[in-house]
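Reading through the structure tokens given below for one structure.
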Amino acid sequence: MKSEPSTMNKIIPIGPYHPLQEEPELFKLYCEGEIVKDIKWETGYNHRGIEKLSESKTFDQVFFLVERVCGICSTSHPFAFANCMEEIADIEVPDRAKYIRSIIGELERIHSHLLWLGLAGHFLGYNTVFMWVWKYREPVLDLFEMITGNRNSYAMFKIGGVRRDIENSKIPKIKETLDFLKKKIDMLVGAIMDDPVIHARTKGVGILTQEDIINYAAVGPTARASGVEIDVRHDDPYAAYPLVNWKVITAKGGDVFAKTEVRLLEILESIYIIEQCLEGLKKENEGDIEVLVKEIPEGVGTGRAEAPRGEVFHFVKTDGSNYPVRHKIRAPSYVNIATFRKACIGQTISDATISLAAVDPCYCCTERMACAYDLHTGERILDGKGLIDLSQHVTDTLIKL
Amino acid sequence: MGFKDYCFRKSLWVFHFGGASCNNCDIEILDCLTPRYDIERFGMVLVGSIRHADVLLVNGSINQKDKIRLLELYSQAPKPILVVAIGACGCTGGIFAEGNTFAGPVDKIIPVDAYVPGCPPKPEAIIGGIVRLIEKTKKATRDEAT
């Protein structure tokens, strides 16, 4: 039975520009007293029209564009796009490039999981965790700056290989930092797993069962925390992952605590993968990092990569020219965000925020077009045709400039 | 000492508006608060409401949906307010300037006092930008006085 709107039914908005979140998004929590009865998510604040922009860029430029789909997982999108283009052109990448790709991918996973851990502490109101974890995230960014020249957007990928080599002289420094990190992560694992406050706030909160995960098609650490062993690196091996020894981390609980546990252990696993990749790098010749790609044939291809949040999926259609005809991107948060309904409804408001944060949602990845409907006539104000007209108008004004 | 100088003399309270961005600048702004950079030692804190803020940080390209909200936030802000555009997208629109939802760089929508370019700018650059901004305001008020 549909409940009548009463004074007990309150809508609590979180966002769009909320101090708790660093990205613009709007959640509407429909509450009865303290209990969340329904949740709605409104999007569009972050829409940049990447898929459309991609069609106007050459394949080499698209890498820089997809890198800016999301700043946190800014390697996974080029990774998936490279896998996709290499499938179309049927290119085999040299082993050294594979190792470098995996190293960058895993370093990114470390910094992304640390970032989430800090933000989760911040969401719980436990700012000590936030400060400590972000302090130990800095050495990873320093490594990135040493290897790629930038802290966040690395521009390492190209079709057929990577843009820069990791010289063998840099390997000892990387190893030193990883050893330092390993000690600190061990300390954090101990500190967080035994903390009574974190136990009280995260155990039994936002539970997703194995069945829920399969029904909502959730991916990444969200799925692995509920005991579903799904990982693109394992199921559809790419880059250097088949060449090294590692295992998929899973946990049983399905609550926020299990998700924390999975992410913490994945950091240690990533360090283990990087160490093996560095050993592999020593065996290969320096400078052998790319194959020459003359042209991209006509065809369609799909590329997948395991981002810190789950599976990134890219689909590209080419027509033999220099530009993609169609470029479709599906980021992991797109499916993970749907689990909010399962995780948040029935919780108190204070628990709802950490349940929202637990899947590590990334709204700039997920952003889709939002349509506006006229309240009185029910007419769609901005649809596909409207967008194309708008795009042509923008192009016209740009030409006139 | 002018009134403006008096307002901006001590701790600046900052409100962060993330437009349609890729999240990199947002993360680097948060990074400024964490132990290595620790911008709070200068008295700068992120606040939850624009009505408490002295500085409005804007990052990311601004799309049609953000534009209305940015204008509304600016009108609600207590004046004088300093506006800082962070990152390539905030300054010019960056890689998204050709997008179909792009509604103009920040300075076409509201007046901007300082630009911090970079994709993303390092936390040092953000701190440097704010320091330069404070110096600029002080100089402007001194010039007014003489």
Residues satisfying the stated conditions in segment B:74-109, i.e. of a type outside the set (Gly, Ala, Ser), facing chain A (nearest Cβ under 10 Å) and surrounded by 21 or more Cβ atoms within 10 Å (Cβ to Cβ): B:CYS89, B:ILE95, B:PHE96, B:ASN100, B:THR101, B:PHE102
Residue, farthest from the other protein chains (Cβ to nearest Cβ), within segment B:119-131, restricted to residues that are assigned to a loop (DSSP other than H, G, I, E, B) and more than 29 Å from A:HIS393 (Cα to Cα): B:PRO121
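Listed here are the residues, each with its yes/no results for (1) within 30 Å of A:ASP195 (Cβ to Cβ); (2) under 18 Å from the mean Cα position of the chain (by Cα); (3) in the same structural domain as A:VAL205 (by TED's automatic domain parsing).
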| residue | (1), (2), (3) |
| --- | --- |
| A:GLY121 | yes, no, yes |
| A:LEU124 | yes, no, yes |
| A:ARG137 | yes, yes, yes |
| A:SER153 | no, yes, yes |
| A:ARG163 | no, no, yes |
| A:ASN168 | no, no, yes |
| A:THR177 | yes, no, yes |
| A:LYS184 | yes, no, yes |
Subset of segment A:56-67 that is closer than 16 Å to A:ILE104 by Cβ and of a type outside the set (Phe, Trp, Tyr) - its residue that is farthest from the other protein chains (Cβ to nearest Cβ): A:VAL66
Residue among A:VAL316, A:VAL291, A:VAL325 that is touching a helix residue (DSSP H, G or I) at 6+ places or on another chain (Cβ under 7 Å) and either assigned by TED's automatic domain parsing to the domain that holds A:LEU107 or at pLDDT below 90 (or both): A:VAL316
All positions within segment A:206-247 that are among the small types (Gly, Ala, Ser), modelled with pLDDT of 90 or more, under 19 Å from A:TRP116 (Cβ atoms) and not in a helix (DSSP H, G or I): A:ALA218, A:ALA225, A:SER226
Residue satisfying condition, being over 16 Å from the mean Cα position of the chain (by Cα), part of a helix (DSSP H, G or I) and closer than 28 Å to A:ASN150 by Cα, within set B:ILE95, B:ILE134, B:ILE68: B:ILE95
Filtered residues of segment B:27-65 (kept if in a strand (DSSP E or B), within 29 Å of A:VAL129 (Cα to Cα) and at the interface with chain A (Cβ under 8 Å from one of its Cβ atoms)): B:LEU46
Residue count, segment A:28-55 (criterion: at pLDDT 85 or above, in contact with a helix residue (DSSP H, G or I) (Cβ under 7 Å, 6 or more places away or on another chain) and more than 14 Å from chain B (Cβ to nearest Cβ)): 5
Residues of segment B:1-13 classified as surrounded by fewer than 16 Cβ atoms within 10 Å (Cβ to Cβ) and either more than 14 Å from the chain's Cα centre (by Cα) or within 7 Å of chain A (Cβ to nearest Cβ) (or both), total: 7
Failed criterion for B:HIS16 (all others in (1) more than 8 Å from chain A (Cβ to nearest Cβ); (2) surrounded by 14 or more Cβ atoms within 10 Å (Cβ to Cβ); (3) outside any loop (DSSP other than H, G, I, E, B) hold): (1)
In segment A:50-82, the residues that are surrounded by fewer than 21 Cβ atoms within 10 Å (Cβ to Cβ) and either assigned to a loop (DSSP other than H, G, I, E, B) or small (Gly, Ala, Ser) (or both): A:GLU55, A:SER56, A:LYS57, A:THR58
Single condition B:PRO121 does not satisfy, out of (1) under 24 Å from A:ARG151 (Cα atoms); (2) without any contact (Cβ under 8 Å) to a residue 40 or more places away in the chain: (2)
Selection from segment A:29-44 of residues that are under 30 Å from B:ILE62 (Cβ atoms) and touching a residue at least 40 places away in the same chain (Cβ under 8 Å): A:LEU29, A:ILE39, A:TRP41, A:GLU42, A:THR43, A:GLY44
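The values are calculated or read from the model by the stated rules, or taken from the named source; none is laboratory data. The structure presented is a predicted model; accordingly, all values stated were derived computationally and were not measured. All Cβ positions, even for glycine, are placed from backbone atoms using ideal geometry, and neighbour counts span all protein chains on display.
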